[in-house]
Structures are given as structure tokens and as C-alpha cells.
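The values are calculated or read from the model by the stated rules, or taken from the named source; none is laboratory data. Remember, predicted model here, so these are calculated numbers, not experimental data. In this analysis, Cβ positions are derived from the backbone assuming ideal geometry, glycine residues included, and neighbour counts consider all displayed protein chains.
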Amino acid sequence: MDPAPEEAGTPDRLPRHVAIIMDGNGRWARARGLPRYAGHREGLRAVRRIVEHSVERGIGVLTLFAFSSENWARPPMEVRMLMKLFMSALRAEVRRLNENRVRLRIIGERSAFAPRLQRQIAEAERLTAGNDALLLQIAANYGGRWDITQAARALAEAVQAGTLAPQAIDEAALAARLSFADQPDPDLFIRTGGERRISNFVLWQAAYAELYFCDSLWPDFDATAYDLALADFARRQRRFGRTGEQLETGEARP
Ligand code: FPP
């Protein structure tokens, strides 16, 4: 039987880090005879709701996939519209995020963004750097393969500089150079919009994430739908490669 949504808040079964692919904005708009950007605008409202609810629930890190490395291939008008939305959202939301003690971090290849957007990002990160209610990570021009590739490049540079021996390259050395190496890996990976794909999101970091797919289109995803995902997570037995018996006899997680 499904647990009641309120069980989702049980602290010992709460994910520390939730990563979300916010899919379905375009379909939400099409179903209403609206242009795609109207779906993205409504998607931003859902972002606000889910950020607030994450703070209420006591989630430590929330990572949202806002713009993938592959999204540049969308029609130029939609890309322009998304960039405008990011800029205006940064301007409009940062003060409120700050008041709610939310720290903002943008992950991804930011050098591809307009200099003005890059400056705005740096300023928003600086302003919110000391906040501790929630770390909100927005993945923008991000791809899981890009992340692993840039970490590999950083390893190669360290070897070339003579500060790292090739023999010292192990999983920990690579993981330390990924985008949010200072945070725990996502425990719960949610994708809205009915598709069951990871779509080049946090590939390395989601190795042991619990996957949760739901049919709600992102603009419809609300606190109740989020609580259902958290409740589903609370029921999962996370084994990290061990057996169920090992966990039942109390052998600790590696
Ligand atoms: C995927 O839906 C959504 C995106 C590529 C953009 C996500 C952007 C937002 C939620 C709004 C702004 C967010 C921030 C953080 C400023 P889709 O367009 O692929 O939908 P479809 O599959 O129905 O076409």
C-alpha cells in the first residue's frame, strides 16, 4: 500500500538531494492552444512551488535541469525566450530566495551565455552564498557527459602540471572534479512528463539514485505530487550493491 503523503516528511527517510528533469512545458502549452514559451513561464511557477516545498520539507539540495547542452538545437526563438526567462527569473527571484535563506548555484558550461547573464549569475551566487536553508542548483547548459569530460580534462591538466600521478587517478579523483563535488550525490531523481529517460542529466552522480517517473507535466507538478515522490522514496530499500539481508542485519552502508 502506498504510504500517505505526510510520511514523505519522515526525516530519516528523506532524500538529502533531489534532482529533477522538469519535462512537459511544451505539451502543457499545446494542450491549451498556447505558444511553448507560455509553458516555460508556467514551468517557472512550478519551480517556485517546488523550491518552497523543498525548504518546508527540509531537503538539503535541489538540482533542476533547466537547459541541457542539447537544448541549443531547439528553434532559435525558443532558445532566446528561455534565455530571457532565465535572466528575468534571476532578477526577480534572487531577493526572495535570499530572504528564504536559499543558496543559488548554477551548474553547467556558463561561458556560452551572454556576458550580462554570466555577470548576473555570479552576482546571484555571491549574494546567496551564505544561505543554508536549501542549496538550489540550476543546471543550465549542462550535460552529464560534459561534466565527466570537463573532470577528465582537469585530471589531464593536473597530470601535465606534475601535481597528479596517473596512477593516482581513481573514482574519487574524478568525482572530486565534477560540478558539485562538495555535495552528496542525488538520492532521488525525478522526471515529470511521462518519459522514462535520464537524458544526459547527472550521469555519474546518479549512479545510486532512486529513479521516479511521473506523468504530470512539469507546470502541473505541485506539492502533493512532490510528496508522492518523497513518499515513494521513503519506501525504497537502498542497497548500494549489498544484499537485502546485509542491510537487515544492520551492516552499515560502505
Ligand atoms: C522541458 O520541457 C523544459 C525545458 C527545456 C525548460 C525548463 C524551464 C523551466 C521550467 C522554466 C524556467 C526555469 C528556471 C529555473 C528559470 P519541454 O519543453 O521539453 O516540454 P515538452 O516535452 O512537453 O515539449
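The condition (being among the aromatic types (Phe, Trp, Tyr), in contact with a Phe, Trp or Tyr (Cβ under 9 Å, 6 or more places away or on another chain) and under 26 Å from residue 129 (Cβ atoms)) is satisfied by just one residue among 180, 201, 240: 201. Screening residue 90 on (1) exposed (fewer than 15 other Cβ atoms within 10 Å of the Cβ); (2) among the hydrophobic types (A, V, I, L, M, F, W, C); (3) touching a helix residue (DSSP H, G or I) at 6+ places or on another chain (Cβ under 8 Å) shows it passes everything except condition (1). In region 39-54, the residues that are touching a residue at least 12 places away in the same chain (Cβ under 8 Å) reach residues that are among the polar types (S, T, N, Q) and part of a helix (DSSP H, G or I) with C-beta atoms within less than 6 angstrom, at least six apart or across chains, in these pairs: 39/25; 40/25; 43/25.
Yes or no, residue by residue, for (1) crowded, with 21+ Cβ neighbours inside 10 Å; (2) away from the ligand (no atom under 11 Å from the Cβ); (3) modelled with pLDDT under 95:
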| position | (1), (2), (3) |
| --- | --- |
| 23 | yes, no, no |
| 32 | no, yes, no |
| 43 | yes, no, no |
| 50 | yes, no, no |
| 54 | yes, yes, no |
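Residues that are touching a residue at least 60 places away in the same chain (Cβ under 8 Å) and either part of a helix (DSSP H, G or I) or near the ligand (Cβ under 9 Å from one of its atoms) (or both) do not occur anywhere in region 84-91.
Taking the criterion of being more than 26 Å from residue 149 (Cβ to Cβ) and without any contact (Cβ under 8 Å) to a residue 24 or more places away in the chain, would at least one residue in region 194-210 satisfy it? No - not one qualifying residue is present in region 194-210. Of the numbered criteria (1) surrounded by 18 or more Cβ atoms within 10 Å (Cβ to Cβ); (2) of a type in the set (A, V, I, L, M); (3) within 15 Å of the chain's Cα centre (by Cα), the one residue 198 fails is (1). Listed by position, the helices (runs of 4 or more DSSP H) contained in region 149-254 that have at least 1 residues being over 25 Å from residue 106 (Cβ atoms) and among the polar types (S, T, N, Q) are 223-235, 244-248. Checked against the criterion of being crowded, with 20+ Cβ neighbours inside 10 Å, within 16 Å of the ligand (Cβ to nearest atom), closer than 21 Å to residue 102 by Cβ and under 19 Å from the mean Cα position of the chain (by Cα), region 142-151 contains one or more residues that satisfy it.
The residues listed here are 170, 232, 222; of these, the one that is at pLDDT 95 or above and loosely packed, with under 13 Cβ neighbours inside 10 Å is 170.
Filter region 90-107 down to the residues that are modelled with pLDDT of 95 or more and closer than 17 Å to residue 63 by Cβ and list them by number. If the condition is that a residue be modelled with pLDDT of 95 or more and closer than 17 Å to residue 63 by Cβ, then 97, 102, 103, 104, 105, 106, 107 are the ones that fit.
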